[in-house]
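Student: Attaching a single structure in structure tokens format; questions to follow.
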Number of protein chains: 2
Amino acid sequence: MNDAFISALGDIPHSRDAAALRVKSADFSWFSPIMSAALAGRLAEVVLSPRTEEEVVRIASACARHRVPLVARGAGTGNFGQAVPLAGGAVVEMLGLEKMVWRRPWSVRAQAGIRLGALDDELRKSGQELRMHPSTKRLATLGGFVGGGHAGVGSVNWGILRDRGNILGLKLITIEETPRLLELRGDDVNLVHHAYGVNGLVTEVELPLAPAYEWLDTIVVFDCFERAAEFGMALATGDGILKKLVSVHAWPIPGFFKPLQLPAGKAAALLMIGAETREAFEALARAFGGEITLCVPEAGLYEYTWGHTTMHALRADRSLTYLVCIFPREDTLGAIKRVHAKLGEEAFLHLEYKRFNGYMTAEGVPLFRYQGFEQMTRLYKAFEAEGVRIANAHTFLLQNGGMKELDAAQIAFKRSVDPQLLMNPGKVAGLDDLPGGISGTALEAAQLPASGWAY
Amino acid sequence: MNDAFISALGDIPHSRDAAALRVKSADFSWFSPIMSAALAGRLAEVVLSPRTEEEVVRIASACARHRVPLVARGAGTGNFGQAVPLAGGAVVEMLGLEKMVWRRPWSVRAQAGIRLGALDDELRKSGQELRMHPSTKRLATLGGFVGGGHAGVGSVNWGILRDRGNILGLKLITIEETPRLLELRGDDVNLVHHAYGVNGLVTEVELPLAPAYEWLDTIVVFDCFERAAEFGMALATGDGILKKLVSVHAWPIPGFFKPLQLPAGKAAALLMIGAETREAFEALARAFGGEITLCVPEAGLYEYTWGHTTMHALRADRSLTYLVCIFPREDTLGAIKRVHAKLGEEAFLHLEYKRFNGYMTAEGVPLFRYQGFEQMTRLYKAFEAEGVRIANAHTFLLQNGGMKELDAAQIAFKRSVDPQLLMNPGKVAGLDDLPGGISGTALEAAQLPASGWAY
């Protein structure tokens, strides 16, 4: 590590301790055995922990002057290697920037390093809450979610982060000798959202808020998965019933949720329901033949859904891995049933109902026992054959994931805010190739098929 | 009028003044030239104005003992003859029952005669509001809306009144010598909702509430109606953008809104948009080439939409009348464009975007210069040929309207709460036929085609 770079940082806390470098160079990409292998040994050389925006500016300037690669990091809960430094250099841990900047009736502006859970707790004191959050809410940061996330608990009402109106504005610092502070608003926020942190250092984010209803953590079990999926769709599209989470799981997935002690062999719907419309919800559950086994004040049930489902499954059985897919809006239930009938023995279906492009549909995160690339490719193709679109959740390359369209405007913006291509070089193949090139598992992973759904 | 009946009422205020009888026997069915003719001369013999639930019970008992037909009445803003007494007898004006019973964080219970506008004003003081309301909010009553309405401003978010969770409960009084007080909850509320007040006297209603965002009355104009319709759908399905009203009008309809002074020849979208997501909304309007000509704090713009659109049109041109239809969910925009292309010169399209059965679609209320039954039938069929479902808005017969399915459970309930069939006899053909039989215009109107959409 360049000593001039370190001394340019002044009193900004930093660490070159080996254990710290290991921990702060990792994220949740261990979910994928393929990405784990591809990212093995990628380490930062220094961890920087700025406490103020001024310190972030100083870091950006120092990186530009000394040509030091850098990666922004929140809590490291991303699944796609967002926080893993591909080319060494500095990890910029943003947790010190954790202040709320201002609060309005239905919006909030806060620093990027604030934990979503802490932010949400604060908002709820006055009756509002985040429109959506990942299952890692307690750990994950605002900047990390906006930079590397796409949807979550609440998306059944509000769609995905990319949708107009779900991110109101953000401030970022360019990686230049004299860094600029840019405020992006309106459609421009999507130049930075879901770009995995390669487009400048985000220091503040402005979000709209949702009403904080009195949520009930609720479980409904069904003898048959198909019926559970139908119920999930009916609830998700039941406009009069308050809901925040509709997560449906085929057996054996409920068995992985040990503390919930769900009945063997049954499909389970994990839900958050508004107390005011509980009777309407109960009538719907009865109409679908579901058995309500839990309905209690909010107690963290969401930590068995979205990404946490995969985590609980992997804890129970380390041989499991996953795909990420989206069912077609025209025939959501038909495609779910066909996939379950044809592949259900091998790929256990986990559905998250969410609004997507204005229509209710389900994201699928099927779990299966990993047997290698051949199996993975076969499953990709079998899902696609039923009209299901697949994202490649096993590559760390931004555009190969199939989730983000990197158009000319996006590339031009990247070049303007990071002219020396210092932000995690290797993340955007073709633009800033991985030092040493891409090969082995990483290359194979990048070449997995992806039908894409640009979220 | 039976003197024993009148004396059984005791001190309940009542009137047999001819002017009062005329006014209180009328509603907004004058919107339809056909229904106007069919209902001409239908008059109550006495207007009763109870002030308490006890007085309503006394009225129910007296009607049952003395075999006096009765009609419940709120403000008389219904369009389908809901408040017109078909068989004389008593009109029971519920405006004296106007108290809020209780208030919870996200729900409210109030007496049936409270005006929706007064209720909404009170709710908004603490940040909540009605999920939906008719354009007649200022006049219309809670009981009238639940008894004879179906949707309104807010339905773009919350669907229609019938949807599970949009009516939490209601209390009604049966028409028996010893009236019973029934509390209906869950799915049972739909035994009374939209039954045009023939299933008992509703005295209290419990509704869920919505967050009262800071709404902006907004108008966007477009050179071309098709583009306005596309914009309307994009806004309605734009999950991140706060909206409460998406109402799109083909020229010449905007010309009927004199005080708004809209530009000649252009299509207009009348909207309510949340202030917090205004920038996102503006980006969307730009993307569709619309020109925002108004964006101000809420000032009653909704009184040009839904039923009020028809009223303003009729004020401008008394020869106009209307159809009520719903565009197919699978191809909403396609059907709108086909209908506009084929019939737009004759039938001017007015669209209200709303969630219906869990999906966004548009209700259409096309306006046209009335030329008689033959034209009406031709237009019905031309709309149906494009996949659009039509309700019969020109009959006062409940089931011929095509909006309410009267199944066996519904009929059995009617018989249990009104065993002598005293509630507006003639409203439910086949069950309690119109005294003197149905003939002339009323019969012709009942026989207009209706493809039905059971709301």
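The values are calculated or read from the model by the stated rules, or taken from the named source; none is laboratory data. Predicted model only: the values in this text are computed from it and were never measured. Virtual Cβ from ideal backbone geometry, glycine too; neighbours counted across all protein chains shown. Accessible surface is based on the protein model in full, side chains and every heavy atom, while ligands, DNA and RNA are left aside. Shrake-Rupley method; radii C 1.70, N 1.55, O 1.52, S 1.80 Å.
Student: Which ones in region A:10-46 are in contact with a Pro (Cβ under 9 Å, 6 or more places away or on another chain), of a type in the set (A, V, I, L, M) and open to solvent by less than 20 Å² (accessible area, probe 1.4 Å)?
Tutor: Residues satisfying the conditions are A:Ile12, A:Ala44.
Student: Just the residues that are farther than 22 Å from A:Asn157 by Cα, of a type in the set (Val, Ile, Thr) and surrounded by 15 or more Cβ atoms within 10 Å (Cβ to Cβ), please, taken from region A:362-384. Explain how you work it out, then say what you get.
Tutor: The initial filter retains those residues of region A:362-384 that are farther than 22 Å from A:Asn157 by Cα, namely A:366-384.
Okay, now just the ones that are also of a type in the set (Val, Ile, Thr), so A:377.
Passing the criteria: none in range.
Student: Continuing with the same structure: For region A:305-329, give me the residue count where each residue is within 14 Å of chain B (Cβ to nearest Cβ) and either small (Gly, Ala, Ser) or without any contact (Cβ under 8 Å) to a residue 24 or more places away in the chain (or both). Can you show your working first?
Tutor: Keep residues of region A:305-329 that are within 14 Å of chain B (Cβ to nearest Cβ), which gives A:328-329.
From what's left, either small (Gly, Ala, Ser) or without any contact (Cβ under 8 Å) to a residue 24 or more places away in the chain (or both): none.
Number satisfying all stated conditions: 0.
Student: Also, quick follow-up: Answer yes or no: is there a residue in region A:248-260 that is within 14 Å of chain B (Cβ to nearest Cβ) and not aromatic (Phe, Trp, Tyr). Full working, then the answer.
Tutor: Just the residues of region A:248-260 that are within 14 Å of chain B (Cβ to nearest Cβ), to begin with: none.
Checking region A:248-260: not a single residue is within 14 Å of chain B (Cβ to nearest Cβ) and not aromatic (Phe, Trp, Tyr).
Student: Return the total of residues in region B:77-97 being under 18 Å from B:His394 (Cβ atoms) and of a type outside the set (A, V, I, L, M, F, W, C). Spell out how you get there, then give the answer.
Tutor: Of the residues in region B:77-97, the ones under 18 Å from B:His394 (Cβ atoms) are B:77-84, B:86.
Now restrict to residues that are of a type outside the set (A, V, I, L, M, F, W, C): B:77-79, B:81-82.
Matching residues across region B:77-97 total 5.
Student: For A:Leu323, work out the one condition from (1) open to solvent by less than 20 Å² (accessible area, probe 1.4 Å); (2) at pLDDT 95 or above it doesn't fulfil.
Tutor: (2)
Student: Going by what's in this entry, would A:Leu161 be described as touching a residue at least 24 places away in the same chain (Cβ under 8 Å), open to solvent by less than 10 Å² (accessible area, probe 1.4 Å) and within 13 Å of chain B (Cβ to nearest Cβ)?
Tutor: Details: touching a residue at least 24 places away in the same chain (Cβ under 8 Å): yes; open to solvent by less than 10 Å² (accessible area, probe 1.4 Å): yes; within 13 Å of chain B (Cβ to nearest Cβ): yes.
Spelling it out, A:Leu161 is indeed touching a residue at least 24 places away in the same chain (Cβ under 8 Å), open to solvent by less than 10 Å² (accessible area, probe 1.4 Å) and within 13 Å of chain B (Cβ to nearest Cβ).
Student: Need pairs with beta-carbon distance below 7 Å; first residue closer than 13 Å to B:Ser49 by Cα and within region B:4-15, second assigned to a loop (DSSP other than H, G, I, E, B); sequence gap 6+ or separate chains.
Tutor: Pairs found: B:Ile12/B:Pro50; B:Pro13/B:Ser49; B:His14/B:Ser49.
Student: Inspect region A:182-201 for any residue being open to solvent by less than 20 Å² (accessible area, probe 1.4 Å), away from chain B (no Cβ under 13 Å) and under 24 Å from B:Arg278 (Cβ atoms) and give the result as yes or no.
Tutor: There is at least one residue in region A:182-201 that is open to solvent by less than 20 Å² (accessible area, probe 1.4 Å), away from chain B (no Cβ under 13 Å) and under 24 Å from B:Arg278 (Cβ atoms).
Student: Within region B:164-181, track down each residue that is more than 14 Å from every other protein chain (Cβ to nearest Cβ) and open to solvent by 70 Å² or more (accessible area, probe 1.4 Å).
Tutor: Taking region B:164-181 as the starting set, the residues that turn out to be more than 14 Å from every other protein chain (Cβ to nearest Cβ) are B:171-181.
Hits for region B:164-181 are B:Glu177, B:Thr178, B:Arg180, B:Leu181.
Student: Same structure, new question: Could you list all residues from region A:58-101 that are of a type in the set (Asp, Glu) and surrounded by fewer than 24 Cβ atoms within 10 Å (Cβ to Cβ)?
Tutor: At the first step, the residues of region A:58-101 found to be of a type in the set (Asp, Glu) are A:93, A:98.
Residue satisfying the conditions is A:Glu98 alone.
Student: Separate question: Within region A:73-111, how many residues are under 21 Å from the mean Cα position of the chain (by Cα) and either free of Cβ contacts under 8 Å to residues at least 60 places away in the same chain or away from chain B (no Cβ under 14 Å) (or both)?
Tutor: Quick first cut of region A:73-111, residues under 21 Å from the mean Cα position of the chain (by Cα) only: A:73-86, A:91-95, A:97-98, A:108-111.
Those left that are additionally either free of Cβ contacts under 8 Å to residues at least 60 places away in the same chain or away from chain B (no Cβ under 14 Å) (or both): A:73-86, A:91-95, A:97-98, A:110-111.
Final tally of qualifying residues: 23.
Student: If you don't mind, there's one more thing I want to ask. Residue by residue through region B:203-224, note down the ones that are open to solvent by 10 Å² or more (accessible area, probe 1.4 Å) and more than 14 Å from chain A (Cβ to nearest Cβ).
Tutor: Passing the criteria: B:Glu204, B:Asp223, B:Cys224.
Student: Hey, can you tell me all the residues within region A:118-146 that are open to solvent by 10 Å² or more (accessible area, probe 1.4 Å) and of a type in the set (Gly, Ala, Ser)?
Tutor: A:Ala118, A:Ser126, A:Gly127, A:Gly143, A:Gly144
Student: In region A:341-361, which residue that is aliphatic (A, V, I, L, M) and either open to solvent by 20 Å² or more (accessible area, probe 1.4 Å) or within 12 Å of chain B (Cβ to nearest Cβ) (or both) is nearest to the chain's Cα centre (by Cα)? Working first, answer last.
Tutor: Of region A:341-361, the ones aliphatic (A, V, I, L, M) are A:341, A:343, A:347, A:349, A:351, A:360.
Checking the rest, the ones that are also either open to solvent by 20 Å² or more (accessible area, probe 1.4 Å) or within 12 Å of chain B (Cβ to nearest Cβ) (or both) come to A:341, A:343, A:360.
Working: A:Ala341: 29, A:Leu343: 26, A:Met360: 19 Å.
Looking at the filtered set, the residue picked out is A:Met360.
Student: Residues that are closer than 25 Å to A:Pro419 by Cα: which helices (runs of 4 or more DSSP H) entirely in region A:7-100 hold 2 or more of them?
Tutor: Values: elements: A:18-24, A:33-39, A:53-66.
Correct list: A:53-66.
Student: Name the single residue, out of those in region A:47-57 being surrounded by fewer than 24 Cβ atoms within 10 Å (Cβ to Cβ) and in contact (Cβ under 8 Å) with a residue 60 or more places away in the chain, that is farthest from A:Leu116 (Cα to Cα). Lay out the reasoning, then the answer.
Tutor: Quick first cut of region A:47-57, residues surrounded by fewer than 24 Cβ atoms within 10 Å (Cβ to Cβ) only: A:47, A:49, A:51-55, A:57.
Of the ones still in play, those that are also in contact (Cβ under 8 Å) with a residue 60 or more places away in the chain are A:53, A:57.
Numbers: A:Glu53: 19, A:Val57: 23 Å.
Looking at residues that are surrounded by fewer than 24 Cβ atoms within 10 Å (Cβ to Cβ) and in contact (Cβ under 8 Å) with a residue 60 or more places away in the chain, I get A:Val57.
Student: B:Glu282 - would you say it is more than 17 Å from B:Ile336 (Cα to Cα) and within 14 Å of chain A (Cβ to nearest Cβ)? Give the steps one after another, and end with the answer.
Tutor: Details: more than 17 Å from B:Ile336 (Cα to Cα): yes; within 14 Å of chain A (Cβ to nearest Cβ): yes.
Yes, satisfied.
Student: Mind telling me which of the residues A:Gly387, A:Gly344 ends up being more than 20 Å from A:Thr310 (Cα to Cα) and among the small types (Gly, Ala, Ser)? Quick ask: steps written out before the conclusion?
Tutor: Numbers: A:Gly344 fails: more than 20 Å from A:Thr310 (Cα to Cα).
Being more than 20 Å from A:Thr310 (Cα to Cα) and among the small types (Gly, Ala, Ser) holds for just one of A:Gly387, A:Gly344, which is A:Gly387.
Student: List, please: which pairs have Cβ atoms under 9 Å, are six or more places apart or on different chains, and start with a residue in region B:248-269 that is in contact (Cβ under 8 Å) with a residue 40 or more places away in the chain and end with one that is open to solvent by 30 Å² or more (accessible area, probe 1.4 Å) and of a type in the set (Lys, Arg)?
Tutor: Here the result reads B:Trp251/B:Lys266; B:Phe256/B:Arg315; B:Lys258/B:Arg315; B:Ala267/B:Arg227, each pair linking region B:248-269 to a residue that is open to solvent by 30 Å² or more (accessible area, probe 1.4 Å) and of a type in the set (Lys, Arg).
Student: Here's a follow-up. Checking A:Val153 against (1) of a type outside the set (S, T, N, Q); (2) closer than 26 Å to A:Asp27 by Cβ; (3) at the interface with another protein chain (Cβ under 10 Å from one of its Cβ atoms); (4) open to solvent by less than 20 Å² (accessible area, probe 1.4 Å), which single condition isn't satisfied?
Tutor: Tallying (1) of a type outside the set (S, T, N, Q); (2) closer than 26 Å to A:Asp27 by Cβ; (3) at the interface with another protein chain (Cβ under 10 Å from one of its Cβ atoms); (4) open to solvent by less than 20 Å² (accessible area, probe 1.4 Å), A:Val153 fails exactly one: (3).
Student: Since B:Gly240 meets every condition but one in (1) within 13 Å of chain A (Cβ to nearest Cβ); (2) over 30 Å from A:Asp163 (Cα atoms); (3) out of contact with any strand residue (DSSP E or B) (no Cβ under 7 Å at 6 or more places or on another chain), which condition does it not meet?
Tutor: (2)
Student: Any chance you could count how many residues in region A:253-305 are open to solvent by 20 Å² or more (accessible area, probe 1.4 Å), in contact with a Cys (Cβ under 9 Å, 6 or more places away or on another chain) and farther than 18 Å from A:Ile241 by Cβ?
Tutor: 1
Residues are listed down the side, and each one gets a yes or a no for (1) among the charged types (D, E, K, R); (2) under 18 Å from B:Gly197 (Cα atoms):
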site	(1), (2)
B:Ile336	no, no
B:Leu349	no, no
B:Tyr353	no, no
B:Gln371	no, no
B:Lys381	yes, no
B:Asp418	yes, yes
